[in-house]
Every structure is written in C-alpha cells, then in structure tokens.
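Novice: Structure in structure tokens, see below.
The values are calculated or read from the model by the stated rules, or taken from the named source; none is laboratory data. Treat the numbers as computed from the prediction; the structure is a model and nothing was measured. Backbone-built Cβ (ideal geometry, glycine too); neighbour counts: all protein chains shown. Quick note on the areas: whole protein, heavy atoms, side chains included, nothing else; ligands and nucleic acids left out. Shrake-Rupley method; radii C 1.70, N 1.55, O 1.52, S 1.80 Å.
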Amino acid sequence: MIVRLFAAALALVALPAMAKPRVLPAELVWPNGVPGGAEPVKEESNAVDVWNVTTPSYQAFLPPKGKGNGAAMIIAPGGGFRLLSMAKSQKVAEWFVERGVAAFVLKYRLVTRLPGETPEAQRDRLNATMRSEDRGTRAAEDGIQALRLIRARAGQYGIDPQRIGVVGFSAGGHVAGMMALASEPERPNLVGLIYGMPFLTPPPPLPPANLPWPPGTPKEPWLRPAATPAPGALPPHFMVVAQDDTAVGNGFRDYYEALYVAGYRPEAHIYEKGGHGFVLKKQGLTSDYWIDEFYWWIEARGFLKAPAAAKTFTDCKLDCPEMVVIAPGKFRMGADGGEEGRPEGPPHDVAIAKPFALGRFEVTNAQYERFIADTGRVPTKSCRSWDRKSNSVSEGADADFRKPGIGAGDGAPQIPVVCVSWRDAKAYVGWLAKKSGKPYRLPTEAEWEYAARAGSPEDYAWGKDPAAGCGWANTLDRRAIASGMLPAFQEKAGEPAHARCDDAQAGAAPVGSYKPNAFGLYDMTGNVWEWTEDCYAAPYAPDVPTDGSAYQVKGECARRAVRGGSWMTVPFRNRPAWRGRDPEDQVSWIFGMRVARDLDAKGR
C-alpha cells in the first residue's frame, strides 16, 4: 500500500501544468421555468456554500481548447439537501479538467430555510419531519434534466454525449444514484457514489445485471460461461465510503448489497478511516486517494478514449449534413413473412460493390429551413397528423414542417424535419448537390437496409427484443402510450403493440439522442420514417437489382418506399426489413429523410 500511495503522489507531482479551465456562465436547468414554479425565496451564499436554491443551474468547466479527451463528469455537491458545498465541488471540477475531462457542477434545488431559521434549527426540523428521500426528489429531477441538456449541447461543449458520468457526494450521491435509476436513455454512462447513495429505505428494486442462465448451465460457478448482460442494466458504479462514517455508512452498505444481489459488481472502496465529507481533503489517510483510484477506474473502463469513430465528412460548413462513409459489402435483404398484403420478401442477396456515404443523422429542421430560405420553395401544406378528437390521422390545412402536428417537435432546429413529400426530399438533395458540387441523392432501399442492419442479421441493431431497444431508438414505447399516443397504424397479431420500455421521448427526439449502430449511424430505427429512391413493389420483383441500386419502373411510380419506422410506430414495423409504401406527394408528421452521396472507388 505504501508503494501504491507513493506512486500516486509521484503521479500527481508529475502532472503537467495546464491552463486554467474555461469556466462558462451558469445555465438554467429548466430554461422554460422550474416545474411547479420556483419558491419565492432568495438564494444565499458565502465563499464556501450556497443555500435556499430554488432555481437550479449548472456551470461548465472545460479543458483548454485542444486539451479535452471528450469525456465529461457532472459533479453533484453534498450538503444534506440544506446547502451545497460549491467551493469543494468546483475544486473537484478543476481536478478533472486538469486531466482533460470536462466537468459540470450542478446546483440543484434544496429544502429552503424558514424566515429567521438557523442552519442548526433547519437540520433539526428536517430530521424530525421529512425523510431523506423526500428531501432529494426535486434534486434528482434536476440532475436528470441537467444531463438531458448537457447531452443535447455536447457539440457545443466538445464532449461525447455517450461518455458523460456523474459523481455525487453525500446527498449528491442520492442525486447521482437516482440519475442512474432513470429510464435507460437518460442515465449517465457511469456513476461515482462518494459516501452517498439513493436515500431510499429499503433500497429500490433494481433491474437485473444479467440474463438468467439458460437451462442446462452448470451449477458450479467456475464451469459457467460468461454472463450475458441484461437489457436495461444499470451503468457501471464506483462506490467510496470510510468505515468510520456514521452519517451514511449503514445505508451505503445496504445499497451495495442490493446491487450485488441484482448481479452487479460495483467497484467498491471501503476505507479504514476518513469520516464523512472529506472530498479532496488531505488527512494523511488512504481515503485521500479515492479520486485517483476513481480516475484509474474510468481510465481502465475506456471512458477517457473515444470509441473508434466512423469515417465522417461534410462538404460545407453550414448547409451540408454530416456524412458517414459506408464500405462495400454483402447482405441478405428482406425477410420471410410480413403483414398480410405486405410481404417483406422474398429474401435475396445483395452485393454493394462501391462505397457510398449516408447521412449520420436524419435531416433536421434547421438544415431544411436553410434550403427553404435559399431556394424560396414554398413548404408543402396539408400535412397529415394525429387528431386526438377523432383518434385518426387527418390533414391539417396549414400544417407544414414548421407546424407538423402532435409530437413532431414544432419545427425545433435539431428535431428531424417532417411533413416533407418524396418530391420535397428530391428537391432538397438536388439543391444540396448543386450547392456542394457533389452527387447527393436519396438512398436506395438496398443501401438503406444494408446500413440499418450494419452487419447484423437480427431484427434490430440491439437484437430481437423491442423492449431492449430504448437506449438505441425512439419508438412507440411506454412513455408515448402514457402521453395518449396510439399506434400510427394497425398492429400485427401476436406482436407487441408498443416497446415495453421507456426511451425518454413521447414524441420526436433531437437527432443523435440514442446510441449509433455499428456503422456509426443514428436513428436508423424509429424517430421518423425516411424516404428512399425506390419505386415500391411487393413482393420484390424478379428483376429487383442485386447490386444496391434502386428499383424503378417504366412510366409513373404509384408509390415510393419508406423505411425505418417512427416514434409512434408499432415495433414490428420498425425492423430493417419492413417496408412502407406511400405516394410521392404524401406529407406526414412522421415522414422525413436522410441523404446519400455517391463516392468513387477510393471513398472520396
């Protein structure tokens, strides 16, 4: 242990000096107003702490430009929900920034003091009248909302939206722990519980870490194969407590036990001494080095390194979508079966001989707005959307991409554009080709399915079970159903009417909100349907191309193929093999697009 501590001390001494963090102005956690309204109490502070917080915010501490590694950490301060130890938390933020990790210090809502009440009297009042878990309910909501905003602004901060952790101290551990228990897409990517944990008694039910062992698995642990992680498992946990901590010691150990029983193996550091609230305080104890061990842990997990990135490019700064180079390859297109009157086969082999590029994201409202402004094109009206009164899909005379209908985002910049017809989509890619001088177009059905499958033969990018996909895709899920949404179209007998999980969005989601597939493409499943170049024919025609090109007919094409499903489409129709069919002039609040571009043999 002495050798290890000496090595850690040397590592700290040898750390190269870096410029000061870039500290940005604080951002409101609830830009449109605190849920239920903020209490009419004045926030107060001193050089160390802040109290009476009723309007939560977060503040970014960013590495100097060019020095960040793309990872980020949200810091949830402690203080018993009566105050926040902001000065200590800012020191932690600076510690991470020195190592290239962006940090965001969270100022969450607190239980406020009564007029004239001393801190000691407030503590005694809360201990007598309010459970710890109730004190932190709003604070946990603030943490979850802050993570939503930080992920949505990841590009602005220069961070990877899928490498955001949270470390919480004492009461902040409750915030961090409850963030980890949020719906899967809204969870942080890892969690540090530093002498804190969810203040729930008994500990809450936890989703299992692993799937059950299949029948016939040996009972002897040493003979079993590696466990299969369960869909919806919690993010990795790092836990720290000192054995002389009389504030949270028992509850901390209970939560560790609950995690262990559910199959998790958190990294746990239980120190001989340290007390409570040590943060970065040097006491001459082994607990002084918890943050170094936390850093070694996130480093060992690969958190500090960006995953192998897809090869991407853009042809212009403002107007051109980000493109992903898709390598040539072979795959089995289509599937046996399908719905009555909608066969998905016959399955056939397709060989895509040349590389091509596909939009990393669906085309956004902001991108389409620039097309409209540049060309003067009149947005297509009479968009079809859901009418709650009649529980049916109907046209709205003035509905267009800026006012698309229930759940479609009302033209928000990073929401995928909808209410565009196939002809609108063709006009958009034609404009993009002219503007950039590059051969932009719509993807073919074969290219789309090849890219959506991304080398997998399964029904979805994540496997076969729709309920396992809420971290990957925005589909018709529990949240959409709870909001009053109904399936956009009919269900298939024997198939689930909606995904039995929560993808955190009742309507359309900002592009890139979920995990990418193996090709680095986002939202290939769900969010909005995407037009393709092909003329629809089912079953696949005998002369369907097998080289990845589009299927066309002589004369007029009655219907074009649309792919991918949407945020309010039943799971069965979100599979890569399922094919929509709609007229070229159809405009719908769940129909959008993704662009493709030809490349030469060298991928240029």
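Novice: So if I check each of 147, 181, 126, which one is out of contact with any strand residue (DSSP E or B) (no Cβ under 6 Å at 6 or more places or on another chain) and open to solvent by 10 Å² or more (accessible area, probe 1.4 Å)?
Specialist: Values: 147 fails: open to solvent by 10 Å² or more (accessible area, probe 1.4 Å); 126 fails: open to solvent by 10 Å² or more (accessible area, probe 1.4 Å).
The unique qualifying residue is 181.
Novice: Take the residues in the stretch 27-46 that are open to solvent by less than 60 Å² (accessible area, probe 1.4 Å) and free of Cβ contacts under 8 Å to residues at least 60 places away in the same chain; name whichever of them is nearest to residue 113 (Cα to Cα).
Specialist: 38
Novice: Return the residues of the stretch 563-604 that are within 24 Å of residue 398 (Cα to Cα) and among the aliphatic types (A, V, I, L, M); say none if nothing qualifies.
Specialist: Selection gives 568, 587, 590, 593.
Novice: Just to be sure, is residue 242 modelled with pLDDT of 95 or more and farther than 28 Å from residue 106 by Cα? Explain how you work it out, then say what you get.
Specialist: Details: modelled with pLDDT of 95 or more: yes; farther than 28 Å from residue 106 by Cα: no.
Spelling it out, it is not the case that residue 242 is modelled with pLDDT of 95 or more and farther than 28 Å from residue 106 by Cα.
Novice: So, one more: Name the single residue, out of those in the stretch 360-390 being among the acidic types (Asp, Glu) and part of a helix (DSSP H, G or I), that is least open to solvent (accessible area, probe 1.4 Å).
Specialist: Residue satisfying both the conditions and the ranking: 369.
Novice: For the subset of the stretch 47-69 comprising residues that are out of contact with any helix residue (DSSP H, G or I) (no Cβ under 9 Å at 6 or more places or on another chain) and more than 14 Å from residue 139 (Cβ to Cβ), which member is most open to solvent (accessible area, probe 1.4 Å)?
Specialist: Restricting to residues being out of contact with any helix residue (DSSP H, G or I) (no Cβ under 9 Å at 6 or more places or on another chain) and more than 14 Å from residue 139 (Cβ to Cβ), the top hit is 65.
Novice: Regarding residue 232, is this residue part of a loop (DSSP other than H, G, I, E, B) and in contact with a Pro (Cβ under 9 Å, 6 or more places away or on another chain)? Give the derivation first.
Specialist: On the way: part of a loop (DSSP other than H, G, I, E, B): yes; in contact with a Pro (Cβ under 9 Å, 6 or more places away or on another chain): yes.
When the stated conditions are applied, residue 232 passes them.
Novice: Still on this structure, please answer the following. For the stretch 494-604, which fully contained strands (runs of 3 or more DSSP E) count at least 1 residues that are touching a strand residue (DSSP E or B) at 6+ places or on another chain (Cβ under 8 Å) and of a type in the set (Val, Ile, Thr)? It would help to see each step written out before you state the result.
Specialist: Numbers: elements: 529-535, 560-563, 580-582, 596-598.
The qualifying strands (runs of 3 or more DSSP E) are 529-535, 560-563.
Novice: Of all residues in the stretch 316-358 being touching a Ser or Thr at 6+ places or on another chain (Cβ under 9 Å) and surrounded by fewer than 18 Cβ atoms within 10 Å (Cβ to Cβ), which is nearest to residue 431 (Cα to Cα)?
Specialist: Here the residue is 319.
Novice: Please go through the stretch 132-144 and pick out each residue that is in contact (Cβ under 8 Å) with a residue 40 or more places away in the chain and surrounded by fewer than 18 Cβ atoms within 10 Å (Cβ to Cβ).
Specialist: 133
Novice: Need the failing condition index for residue 86 against (1) open to solvent by 10 Å² or more (accessible area, probe 1.4 Å); (2) farther than 17 Å from residue 176 by Cα, just the number.
Specialist: (2)
Novice: Evaluate the stretch 188-197: report whether one residue or more is of a type in the set (S, T, N, Q) and part of a loop (DSSP other than H, G, I, E, B). Steps first, please.
Specialist: First, pick out the residues of the stretch 188-197 that are of a type in the set (S, T, N, Q): 189.
If we keep only those that are part of a loop (DSSP other than H, G, I, E, B) as well, we get 189.
The answer is yes; a qualifying residue exists.
Novice: Out of the stretch 256-269, which residues are under 23 Å from residue 89 (Cβ atoms) and over 26 Å from the mean Cα position of the chain (by Cα)? If you could, list the steps in order and put the result at the bottom.
Specialist: To start, the set of residues in the stretch 256-269 that are under 23 Å from residue 89 (Cβ atoms) comprises 266-269.
Hits for the stretch 256-269 are 268, 269.
Novice: Going by what's in this entry, would residue 81 be described as at positive phi, in contact (Cβ under 8 Å) with a residue 12 or more places away in the chain and buried (at least 23 other Cβ atoms within 10 Å of the Cβ)? Reasoning before the result, please.
Specialist: Numbers: at positive phi: yes; in contact (Cβ under 8 Å) with a residue 12 or more places away in the chain: yes; buried (at least 23 other Cβ atoms within 10 Å of the Cβ): yes.
When the stated conditions are applied, residue 81 passes them.
Novice: How many residues are under 21 Å from residue 229 (Cβ atoms) and open to solvent by 50 Å² or more (accessible area, probe 1.4 Å) when one looks only at the stretch 463-486?
Specialist: Number satisfying all stated conditions: 3.
Novice: Before we move on, is residue 160 surrounded by 15 or more Cβ atoms within 10 Å (Cβ to Cβ), outside any helix (DSSP H, G or I), among the acidic types (Asp, Glu) and under 23 Å from the mean Cα position of the chain (by Cα)?
Specialist: Yes; evaluated as a whole, the condition is true for this residue.
Novice: State all residues of the stretch 259-289 that are closer than 21 Å to residue 198 by Cβ, assigned to a helix (DSSP H, G or I) and open to solvent by 20 Å² or more (accessible area, probe 1.4 Å); if no residue qualifies, say none.
Specialist: Once the filter is applied, which keeps residues that are closer than 21 Å to residue 198 by Cβ, assigned to a helix (DSSP H, G or I) and open to solvent by 20 Å² or more (accessible area, probe 1.4 Å), the stretch 259-289 yields 260, 261.
Novice: Does the stretch 222-236 contain any residue that is in contact with a helix residue (DSSP H, G or I) (Cβ under 8 Å, 6 or more places away or on another chain), among the hydrophobic types (A, V, I, L, M, F, W, C) and surrounded by 15 or more Cβ atoms within 10 Å (Cβ to Cβ)? Give the steps one after another, and end with the answer.
Specialist: In the first step, residues of the stretch 222-236 are kept if they are in contact with a helix residue (DSSP H, G or I) (Cβ under 8 Å, 6 or more places away or on another chain); the result is 231-232, 234-235.
If we keep only those that are among the hydrophobic types (A, V, I, L, M, F, W, C) as well, we get 234.
Checking the rest, the ones that are also surrounded by 15 or more Cβ atoms within 10 Å (Cβ to Cβ) come to 234.
The answer is yes; a qualifying residue exists.
Novice: A further question follows. Name every residue in the stretch 290-306 that is in contact (Cβ under 8 Å) with a residue 12 or more places away in the chain and either among the polar types (S, T, N, Q) or open to solvent by 50 Å² or more (accessible area, probe 1.4 Å) (or both), in order of residue number. Can you show your working first?
Specialist: Pass one, the stretch 290-306, residues in contact (Cβ under 8 Å) with a residue 12 or more places away in the chain: 290-295, 297-298, 301, 303-306.
Across the stretch 290-306, the qualifying residues are 301, 305, 306.
Novice: Pull out all pairs, ordered by first then second residue, where Cβ-Cβ is under 6 Å, the residues are six or more apart or on different chains, the first lies in the stretch 220-234 and is under 12 Å from residue 463 (Cβ atoms), and the second is of a type in the set (A, V, I, L, M) and open to solvent by less than 70 Å² (accessible area, probe 1.4 Å).
Specialist: 231/468
Novice: So, in the stretch 104-129, exactly how many residues are in a loop (DSSP other than H, G, I, E, B) and in contact (Cβ under 8 Å) with a residue 24 or more places away in the chain? Reasoning before the result, please.
Specialist: Step one: of the stretch 104-129, the residues in a loop (DSSP other than H, G, I, E, B) are 108-118.
When the remaining residues are screened for being in contact (Cβ under 8 Å) with a residue 24 or more places away in the chain, the result is 108-113.
Here the count works out to 6.
Novice: Quick check on this structure: which one of 50, 29 is under 16 Å from residue 93 (Cβ atoms) and at pLDDT 55 or above?
Specialist: Working: 29 fails: under 16 Å from residue 93 (Cβ atoms).
It is 50.
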